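Asker: Structure below; questions to follow.
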Amino acid sequence: MDDYALSQAEFRSEPGLWGKCVRVLRHWRSRQSFRDLRHASNYQLRDIGLTRDDVERLGKLPLSVDAAWEAEAIRFRRSHGNESA
């Protein structure tokens, strides 16, 4: 688990202005996926561990926040019994 956390930290910490541009672009592309999820059925959303409200909230996050990372955090909290995601 420590190796995974370290690799994620390195992946998310590109230095300088170029790194910020790359992150914003990556986050923008991830938003495109959430636009597709708006058309998914409630059954499909439940199958991946999200609700329609989650998808709407994730779609409204600023580009400085990785919506895919936040979606994983929501799914992780729910799968471990903390429903207050």
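Asker: Which residues does the label zone of residue 75 cover in region 24-38, counting backbone N under 20 Å from a point 7 Å along Cα→Cβ?
Answerer: 26-38
Asker: Can you send over the solvent-accessible area of residue 48, 1.4 Å probe, protein chains only, in Å² to the nearest 10?
Answerer: 60 Å²
Asker: Considering only protein heavy atoms, what is the solvent-accessible area of residue 52 at a probe of 1.4 Å, reported in Å² to the nearest 10?
Answerer: Around 80 Å² of this residue is reachable by solvent.
Asker: Still on this structure, I have one more. At a 1.4 Å probe radius, which order do 66, 54, 47 fall into by accessible area, largest first?
Answerer: Accessible-area ranking of 66, 54, 47, largest first: 47, 66, 54.
Asker: Something else: What do you get for GluC sites (Glu not before Pro) in region 22-85 restricted to DSSP loop and a cutoff of at most 11 other Cβ within 10 Å of the site's Cβ?
Answerer: Answer in residue order: 83.
Asker: Just the number, please: carbon plus sulfur as a percent of the accessible area of region 34-83, 1.4 Å probe, no ligands or DNA/RNA counted.
Answerer: 51 percent
The values are calculated or read from the model by the stated rules, or taken from the named source; none is laboratory data. Owing to the predicted nature of the structure, the values given are computational and were not obtained by experimental measurement. Please note: Cβ atoms are built from the backbone with ideal geometry, for glycine as well, and neighbour counts cover all protein chains shown. Accessible surface areas use protein heavy atoms only, side chains included; no ligands, DNA or RNA. Shrake-Rupley method; radii C 1.70, N 1.55, O 1.52, S 1.80 Å.
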